[in-house]
Structures are given as structure tokens and as C-alpha cells.
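Taking it in order: structure first as C-alpha cells, then the write-up.
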Amino acid sequence: MESFAGRWPGTTRAGSMRRNPAAPWRHVDLLLLGSVGLIALIGTLMVFSSTRGTGSAPANTAILERHLAFVATGITVMALTTMADYRRFRDWAPLMYGVVCLLLLGVVSPFGTEVNGAQAWFQIGPVQVQPSEFSKIAVIVGLASLGAHFGSDIDLRRLAILLAVPGIPLALIMLQPDPGTAMVFVAITMGMLLVTGVRAKHIAGLTLVGLTAVVGLLSSGLLADYQKDRLTVFLNPAAGLQAEAYNLNQSKIAIGSGGVLGKGLFNGTQTQLDIVPEQHTDFIFTAVGEELGFLGAATLLVLFALVGWRIWRIAQLSRDQFGVLLCVGVLSLLAFQIFQNAGMTMGIMPITGIPLPFVSYGGSSTIALFAGLGLVQGVHMRRFT
Amino acid sequence: MSQRVESPRLRLGVLGIVVIALFVPLFARLWYLQVLSSESFTEAAEANRVRVVQVEAPRGRILDRDGTVLVDNRVSIVVTVDRVRFAELEDAERTAMLERLSAELSRYGSPATVEQLQDRVDDVRYSRYAPVPVAEDATEELKIYIEEHQELFPSVAVERVAVRRYPYGTRAAHVIGSVGEINDEELEERANKPKTYIRGNQIGKTGVERIYEDDLRGTPGQTVFEVDAMGDPVRILEDLSAPPIPGDDVWLTIDIETQALSEDLLAQALEDARNRRVSGSNLPNRGNAGSVVVTDPRNGEVLAMASYPVFDPADFVNGISSTRWEFLNSDEADKPILNRAIQGVYAPGSTYKLFTGLAAMVHGLRTPEQPFLDQGTFTIEDCRGPGCTFRNAGSKAYGVVDMRRAMTVSSDAYFYSIGADFWNNRGRLGDEAQQETIRTFGFGQETGVPLPSEQDGRVPTPQQRKAQYEANPELFLTGDWFTGDNVIMTIGQGDVGVTPLQLANGYATFANGGTRYAPNIARKITRSGSPDTIKRSFEPRINGRVEMDPAHRQALLDGLVGVTTRDGGTARATFAGFPNDTFPVAGKTGTAEVDQKADTALFAAFGPAPAPEFQVAVVLEESGFGGTAAAPVARALFDVFAGVAPMPVIQPGGALVEPPLEGAEVDDTSERPADRLGQIAEGGAD
């Protein structure tokens, strides 16, 4: 009965929950929940600010409305994920993984839709679905499941099996091609392998292989020139393709001109005049920097750090290795995307199409990330059960 | 749970450190961008935000001394293409639209090919935010057609713009000058001027338009747009925008009637010279070019400055065609673009004798009454050969002459002897004694008239001769200076060169008793729309003073008055019937020899002596005798100045007509002064 109540708390009466000290709902991590809530609020404001339109015309709320719908869906998905006992996902891992791989295969087929040079979307009516965002969660669950199964003793054969888990979707994503998402996969994999117990020398070896792969990728014909340029322009903004250097410079101008206090919500000239491209999606951090200033942008980063610390702490508290690895996977995913996305807008990382978690406009990403957070919350809630 | 508890804990710790290591550079970078270097990024953001479009202001007007408008602005219909909208059209639509536009422009009399239109639209030198002009001075019909068929001409607009208008046609064209589109060089020169210039702006190119550019140019207004990332205007920032302010009005010293009369007399005199038969072996008169300058000797104001041939400043409105420009600069057309009053350099001939005569007295080589026997020739002492003897014009012998008489009859021999004496006494007086006196009257240097490209003329010296020869030994026969060089200088020949304005100004300096003014061309500048608000006024500018012994001056003045009044005076016949008693005119004829060409006819005169109010200089290229060809121009002008003939009235377009009869006191002098030219008898030569 307890486990049933844990999975479907809505079916029990509130009274019984209060009496049971191990009831999962008593152990919701409110700090994690609150931080993400604040981040999503900032994100919503910034999405609106960068899409409300300019001039004296009435504000355009179309994007805001869609964004709110995505966030609401994401929170619902998070709640549902939290309700289910996370250990059930061990059983569902192969299914999730298989479905995601099929979707990734489908997206590079003629069924997929190309946007900005990457064939990464399914167009379903008015909605665009990006399977690679969901594949991140599926790979985390898959790796966590296998990693927990293998335990701490991972030899080369087991390592190879573990690597195959992200390897297949990674290969399919490179067919789109989407080097940014591929980098996220690498980050997730490295983070999780580090904690599974892969030997230090193997980690070192993998790092070496990874670096070689990056160099190889840049010199191979797999990426178009403009994609390579996006990846390398941050090293020397003056020498890049004009459009890429423009993005980067305008992004830095926007953030830099925000100063300590910012220009005020809806008052950033770079933001309101659409001078920075893709500002409600990949470059939304520039809007935060310009309009909310150092205080706002640093607060956002602090909130992200709080989220990271909570997830890391939940990993420590987890009662099983599967939970640990789930948390590590989600932490690696978030930490890398935050670093990569914010770093790119400030000119210290390559330009890639990676969203800023819980802030950028984008349905697939928002929903998938909330689902990931639901898994982590589940680990925390069920650390005694 | 795992059996090896330590290991996963340690590994999680490593992961935590890695994550912290990712956050630290983000904070550091954020600090750097937003706190340490925020200022420069703020400037860059502001520059991103706005675009400034200049609104050109109308140019100020140019008026004559009494306020008659010589130059103002009129509306020209200009067809423009909005580049931003043009770029948004489909390729095929663009081509089709240009083809239609080309056809309609041609149909309504402003032909342009599709290629020409395309080139204009593509010209990157035009501002992106201001429409590009593709046809100027289009007809009202074309404007109506395009506006009624706007759907056929997307991105095309028809605007009215202000361009220069010349109510009196070519009158005073050389003084007024022209305006044209600013070129790269001018743009660079004026980069930091308060009245900013941009590509496509009009700027004064020559004449007064150029010299008083800073006053005539209006203060451009500006419209400040806030723009988005595409550069498309979002809204106008009213508090940063400003309306244009028209330029200021320039009032010239020129009197337009005197100017027009001088021009007509000049053209008539040249035509008469062309029709005059020449005697013997003389070359026929081409009478192709010349200049008349009238100044006020009391203050240096230029009352008229005529140059022939003339050009039409209206040719420059909307840009002059290259063929027209080449024509205006061609030798075949005698370079109508030249303002010969300040850019033509002529041998002054006998008009120079005023100054060489004074030089002789100043340096003690002659007294006014010292007699000289003119036998028609002069031979340099101790010199043998054909180059040692110099003849009077026409080999006339004038008998015993003094300074007065020599001036009146224009005795060359008298002055030849002065030149030889200067050289023979160079040990005492120095090599350049004669030149020193000549230069005090402003010769060999710019007069300082506020007009561009003034020539400084030539007063040759032995030193110059030597320097020229050493610089270009193959170009000159010799670097030495001979007695003969001094001799012919006294009669304004050799390498001597003066501009008509220099000649007028030299005579005016003598006329007013020795004050050399820098001629003024403008009296004042007034604010646009309020002629009583004087921004600047131009006071007489004194460039130098010549101290003259009253006895010397009187002798020369007597001699000059004799030219028009006494028997043997070289312009006496021309001034027959002139009221010499009430308005004595002092003048000097000149007939300067020019290699391979007919003589230059000159006449410089002022009146009424001894306190003159008018100074006239006439120079006619390839026109023969000064007394015959040039003096009648001055006579006709002095008829008007003396009140003998009425001042004609100028009509719109520039034509001169007789003034309406006002009463009985005006008798038979109502004939046009220009008509008098034909009636004046062929007079004495000099």
C-alpha cells in the first residue's frame, strides 16, 4: 500500500501521509523546486521581453503564450515523472531508449524538417518536436540503468557497452548534424562514467579520444563550413564569417551594455530592437544580461548553482546507484548546457544551438528538462523507501 | 548500496569540483563584461540603436549691392528610389520596374537607360536611409503619372527639391560661380565642419558660391530614427531630430546694372574689334576674349567684373554633363569657365607707364618737367646691332616731351630712356629699383579679392630670370638680364603680366592718393529671411600704402587727364563730347604686343579726377589698339557714371533695356550706351 501511495499520492488521504514519516511527499526538495521555479519565471519574462515586438504596436504575446504552454506542460510532465517511482524507469529504460533511437532515425529521414541547417525536427501540426532533446533523458536513464547493473567494476568490455548507449543516438544526431547536442551527449557520458567507477586511466584515454574526435570533426567534411565557423569564431571574433562574428559581437555588446543594474525589463535596446539574433532561444542570456544587468544575470547563475548543488546533494543521498547516476546525468546535462550557453553569449565558448535550461524558448527542451528534474526529485523523495 | 563507499563519494566530489570549475569562469566573464568594460559596450549599443538622416537646408541667396536677387532657389522635381524597399522586391519585379521607369522617364523627357538607373541605385555612396535620386528636373506630368500609377513603381517616389535659380541668366556668372555635388576630396576637407556634409550634398565650386560656402550653406536638419537589427526604422526620435535652417544671404558689392552694362559693352567691343579692318601686316583681330572691371577707388569695392566668353551657371544645376564641362574648359571655346578679370594674365602695354613713370621720379631719374627729345626711336648707349634700338608705336616722333606730355601722347621713347637709366644706375639704385615701385601698387601678387584661383601676375626681376634659367636651362635662352629687359618693361612689355583686376586696383591706388585696398566682392551677409539682421559686414581692407610726392602725382594725373582731353591724347577722340569739365576722366591706353597674335587692347581710367569714384579697367584680347577698341567701353560706362547717359534697367532673364523716360531734362542721351560704341570715331593710336 505504501508503495502504491508513493506512486499515486493523489489516491490516498492527506491524513495518512502526515502520519507516515517515510511518505515521499514529505521529502520533496523545496529548494530545488523553488530555484527552478524562479529560473522559469525569469525565463518567461525574458522570452516575453525579447518577442513582444518593437515600436508603438500592441505587444505581441504569441510567443509568450506558447512558452507558457510549454512550461505548464513541462511542470505537468515533471509532476507525473515525480509520481512514478524512479526505479520503475530501470525497467522502462530499454523501451524509452528504443523509441528515442527510432525517432532520431525518423528525423533524419524525409519525415524530418530542417531548420537552420540541421534536420532535427518533426513538424506535427503547429508543433515542432525535437527528439534529440528527449534523447538526452533517455540516454541518462539508459546509462544509469546499465551503470547500476554493472556496479563499480567496469572493465573495457563493459565500458564499450556503456559507450554504445550514447553512441548510437550521438551518431544519428551527427547526421542532422547538430554538433551542440552531440557535445551535450559527450558531457553527460563523461560525467556519468566518472561516477560509475570507470578506471581513471580509461577516463583519461576517453578524454584523449574525445579531443581527437573534436579535431577530427572540425577537419572532416561532416560539418558545413558555417557550422565550423560557428564553433571556432569565439577564438577570434574579427576573423569569423561576418554573420557569426556579428552575433557574437552584438551579444557581448548587449551583455556589456547592461552594466551592474541593467537597462530595466523591456528597456534593453539590443533586445527590443532585435539586434541580437535568436534572442528568445539560444541567445536569451544576452537579454538577461542587458535588461537585468550583472545583478540579474549573476542571480540567475546563482539560482542555477543552487539547482546544481541540490542535484549533487540528492546524488549523495540516493539510496541506490541508479538514483546516483540519474542525478549525475541530469547534473552533467544542466551544468554543461548552462556553461556552454552562457559562455557562448559571452564569447568564451563556441556558438552552438544549445538552449539555456528552463529559460530559453523551446518546447522539447523545456519539457525534457522538467522530466529530468522530475527524476531527480523522485530520487530525493524516495531515498527512504 | 555499493560496497566501496569511499570511491563513489570521491568520484561525486570530483564531479562537484568539475561543475564548480564550470561556473567560476561564467561569473568572472560576467564581471568583466558588465562591470569592468561596460562603458565601451554601452557606447556600441547606442550606436546600434539610432540612425541619423540628414535633411539638407536651402542655400542662402546671392544679392547685388542694392538687394536685387541674383541667385536663389527653385523647386526641381526629382525621381527617387527607396533602396530598402527596392531590395525587398523580387528580382524579376526589380528589372521589370526599372524597365518601366526607364520607358516613362524617356517618354517624359528625362531619358535614362535601365543600366544607368541600376547603377544609381547600386551606388554605395548614397545613404541607405535617404532615397537615391535617379532623375532630376523631371516634368510635372511625369510626377503625376508616377503618383497615379504607384503600383507599377514600387519603391519609386517623386520629390520636390531646392536647386539654384539664376533670374538674370548668365549675368555675373564668373563672380557668382557654380554649385555642384560634393566630391571625395571636399568631403574629406570638410569632415569636421559644423555644418556637416554627406555624399550628394551641394557645395559651392567656384566664385562667391565657393568663397562664402560656409555662410551660404544652410544648417542641415536631421531626422533620427531608432532602427532594428535589419536597419529598418522603428520610430522617429523627435527630441533628437532638428529641422533644417536655410543658409545666409550674401550681398555683393556688384551692382547688377553696372555689371550687365559692362558685359554688354565688353561683348560689343569684341564684336566691333572682330569687324574692324586692320592695316598692313597686322594680324586680324580675333576679339575672342576679354574683361571689364569696375571698382570704387575709395574703398576697393568691385562694382562690376565682366569676363568674356561667359558660361551659364544653370548648366551646373543637377550636375553638368561631361561634354559641356569639356567645352567650357576647351581652348577652342576660349575657356569660358575662366574668370579673366582675375585669371587672365596680360602684358599691360602702355598702361604700365603710370607706374614706371612714377618709379623714375621716385628714384630721382626724372623730374616732372625734365624735357626729353622724342625722335621716334631710342638706342641704348654703347650698343650696336638691331636689338639695341627701340621704336615708338607707328614710329611717330613726338618732339620735346616731359612727364605729362609723354603720358598723354604715350611716348615710348621717353619711357625707354627711363628703363635704360634704371639699369645704368643699378649700382646706386639696386637691380630692382623699378620693380620695387611697381610692386607697391600690387603687381606680381594677388589683390586679395575674395574669389578663388586668383592669379598673381608677373613682375620679372634679374634674380627671377636667373633662378628660372638655372631650374630649366633648356627652356630659356639665357639667365642674364640686359638693359633691353628694363627698357621694354617701362612700356609694359617683355615678361610683365597683370590681371585686369590688378590693373584696375593699381590705378585705383594711384587715383585715391596711395591707399591700396584689397578689393571686396561682398558687402555684407544677412540672416535668411531677415535682411536687416547683419551677420557680418565687410569693411574696406587696406593692403598697403604708397607715399607719393604731390608734385609727382599731379604731373602723372595731368598726363592721364590729357589722354582724354588734350590734343594728341590717345583717347581724346573716344572721349569727344564727354563733359570733361564736370567729370574729368584720367585714363591711359595700352596696346600690348603678343607673340603670334593681334595686340591686346587695354584702357585703364578713373573719374571724376581729382577725387575719383569710379575705376574702370578694360582688357580685350586680340583686338588691336587700346584707344580704338578698349577706351570706348570705358567711355560708355563713364557716360552713365557722369549722368550723361541713363543707367539701363535689367529685365528678368538678364536683358538690358532703356529706363522709362522720366522727364524733359533727359535729352538725347536716352540712346543705349552700347549703341554709342558703333558711333565713336576711330580714334588715335598710342
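The values are calculated or read from the model by the stated rules, or taken from the named source; none is laboratory data. Only a predicted model underlies this, so the values are computations on that prediction, with no experimental measurement involved. All Cβ positions, glycine included, derive from the backbone under ideal geometry; neighbour counts span all protein chains shown. Note: areas computed on protein heavy atoms with side chains; ligands, DNA, RNA excluded. Shrake-Rupley method; radii C 1.70, N 1.55, O 1.52, S 1.80 Å.
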Query raised in the report: When you go through B:Gln455, B:Gln468 one by one, which is the residue that is more than 30 Å from B:Glu381 (Cα to Cα), outside the structural domain of B:Ile176 (by TED's automatic domain parsing) and open to solvent by 30 Å² or more (accessible area, probe 1.4 Å)?
Result: B:Gln455
Query raised in the report: Taking the stretch B:59-88, which residues are surrounded by 16 or more Cβ atoms within 10 Å (Cβ to Cβ) and acidic (Asp, Glu)?
Result: B:Asp64, B:Asp72, B:Asp82
Query raised in the report: in contact (Cβ under 8 Å) with a residue 24 or more places away in the chain and either part of a loop (DSSP other than H, G, I, E, B) or farther than 30 Å from B:Gly16 by Cβ (or both) - does that describe any residue in the stretch A:189-199?
Result: yes
Query raised in the report: Do we find that A:Arg90 is within 14 Å of another protein chain (Cβ to nearest Cβ) and open to solvent by 50 Å² or more (accessible area, probe 1.4 Å) in this structure?
Result: no
Query raised in the report: Name the residues in the stretch B:374-393 that are surrounded by 13 or more Cβ atoms within 10 Å (Cβ to Cβ) and on the phi > 0 side of the Ramachandran plot, would you?
Result: B:Gly376
Requested in this report: Tally the residues that are under 23 Å from B:Val345 (Cα atoms), out of contact with any Gly (no Cβ under 8 Å at 6 or more places or on another chain) and open to solvent by 10 Å² or more (accessible area, probe 1.4 Å), restricting the search to the stretch B:575-623.
Outcome: 4
Report task. Counting only residues that are touching a Pro at 6+ places or on another chain (Cβ under 6 Å), give me the helices (runs of 4 or more DSSP H) lying completely in the stretch B:299-369 with at least 1 of them. Result -> B:322-328, B:340-343
**Report entry** Inter-residue pairs, beta-carbon under 8 Å, first in contact (Cβ under 8 Å) with a residue 24 or more places away in the chain and in the stretch B:50-67, second basic (Lys, Arg), 6+ apart
**Finding:** B:Ala57/B:Arg217; B:Arg59/B:Arg164; B:Arg59/B:Arg217; B:Gly60/B:Arg217; B:Arg65/B:Arg523
Report summary line: Scanning the stretch A:114-163 residue by residue, those of a type in the set (S, T, N, Q), surrounded by 15 or more Cβ atoms within 10 Å (Cβ to Cβ) and either modelled with pLDDT under 90 or part of a loop (DSSP other than H, G, I, E, B) (or both) turn out to be A:Gln119, A:Gln128, A:Gln130, A:Ser152
Report task. For residues that are at pLDDT below 95 and in a loop (DSSP other than H, G, I, E, B), scanning just the stretch B:515-537, find the one that is most open to solvent (accessible area, probe 1.4 Å). Result -> B:Gly529
Report task. Please tell me if B:Phe422 is of a type in the set (Phe, Trp, Tyr), under 35 Å from the mean Cα position of the chain (by Cα) and assigned by TED's automatic domain parsing to the domain that holds B:Thr564. Result -> no
Report summary line: Wholly inside the stretch A:269-379, helices (runs of 4 or more DSSP H) that include 2 or more residues that are under 24 Å from A:Leu32 (Cβ atoms), open to solvent by 10 Å² or more (accessible area, probe 1.4 Å) and away from chain B (no Cβ under 11 Å) are A:284-317
**Report entry** Checking B:Gly626 against (1) at pLDDT 95 or above; (2) over 22 Å from B:Glu369 (Cβ atoms); (3) open to solvent by less than 10 Å² (accessible area, probe 1.4 Å), the condition it does not meet
**Finding:** (1)
Requested in this report: Please go through the stretch B:59-106 and pick out each residue that is of a type in the set (Val, Ile, Thr) and either touching a helix residue (DSSP H, G or I) at 6+ places or on another chain (Cβ under 8 Å) or within 17 Å of B:Val121 (Cβ to Cβ) (or both).
Outcome: B:Ile62, B:Thr68, B:Val71, B:Ile77, B:Val78, B:Val79, B:Thr80, B:Val81, B:Val84, B:Thr95
Requested in this report: Being polar (S, T, N, Q), on the phi < 0 side of the Ramachandran plot and crowded, with 17+ Cβ neighbours inside 10 Å narrows it down to one of B:Thr196, B:Thr139, B:Thr206, so name that one.
Outcome: B:Thr206
Query raised in the report: Among the residues of the stretch A:208-220, is any more than 21 Å from the chain's Cα centre (by Cα), closer than 25 Å to A:Arg319 by Cα and surrounded by fewer than 22 Cβ atoms within 10 Å (Cβ to Cβ)?
Result: no
Report task. For B:Ala551, state whether it is in contact (Cβ under 8 Å) with a residue 40 or more places away in the chain and in a loop (DSSP other than H, G, I, E, B). Result -> no
Report task. Kindly check whether there is at least one residue in the stretch B:147-169 that is more than 14 Å from chain A (Cβ to nearest Cβ), assigned to a loop (DSSP other than H, G, I, E, B), out of contact with any helix residue (DSSP H, G or I) (no Cβ under 7 Å at 6 or more places or on another chain) and surrounded by 16 or more Cβ atoms within 10 Å (Cβ to Cβ). Result -> yes
**Report entry** Residues satisfying the stated conditions in the stretch B:89-98, i.e. surrounded by fewer than 13 Cβ atoms within 10 Å (Cβ to Cβ) and part of a helix (DSSP H, G or I)
**Finding:** B:Asp91, B:Ala92
Query - Residue check for B:Asp331: assigned by TED's automatic domain parsing to the domain that holds B:Pro540 and open to solvent by 40 Å² or more (accessible area, probe 1.4 Å) - result: yes
**Report entry** Residues (in contact (Cβ under 8 Å) with a residue 60 or more places away in the chain and either touching a Cys at 6+ places or on another chain (Cβ under 8 Å) or among the hydroxyl-bearing types (Ser, Thr, Tyr) (or both)) located in the stretch B:485-533
**Finding:** B:Thr490, B:Thr499, B:Tyr507, B:Thr509, B:Tyr517, B:Thr526, B:Ser528
Query raised in the report: Counting only residues that are open to solvent by 10 Å² or more (accessible area, probe 1.4 Å) and among the hydrophobic types (A, V, I, L, M, F, W, C), which one in the stretch B:338-360 is farthest from B:Ala630 (Cα to Cα)?
Result: B:Leu338
Query raised in the report: Where in the stretch B:379-470 are the helices (runs of 4 or more DSSP H), entirely inside, with at least 3 residues that are under 20 Å from B:Gly484 (Cβ atoms) and either among the polar types (S, T, N, Q) or in contact with a helix residue (DSSP H, G or I) (Cβ under 8 Å, 6 or more places away or on another chain) (or both)?
Result: B:412-424, B:433-439
Query - Test: B:Arg384 is of a type in the set (Lys, Arg) and over 39 Å from the mean Cα position of the chain (by Cα) - result: yes
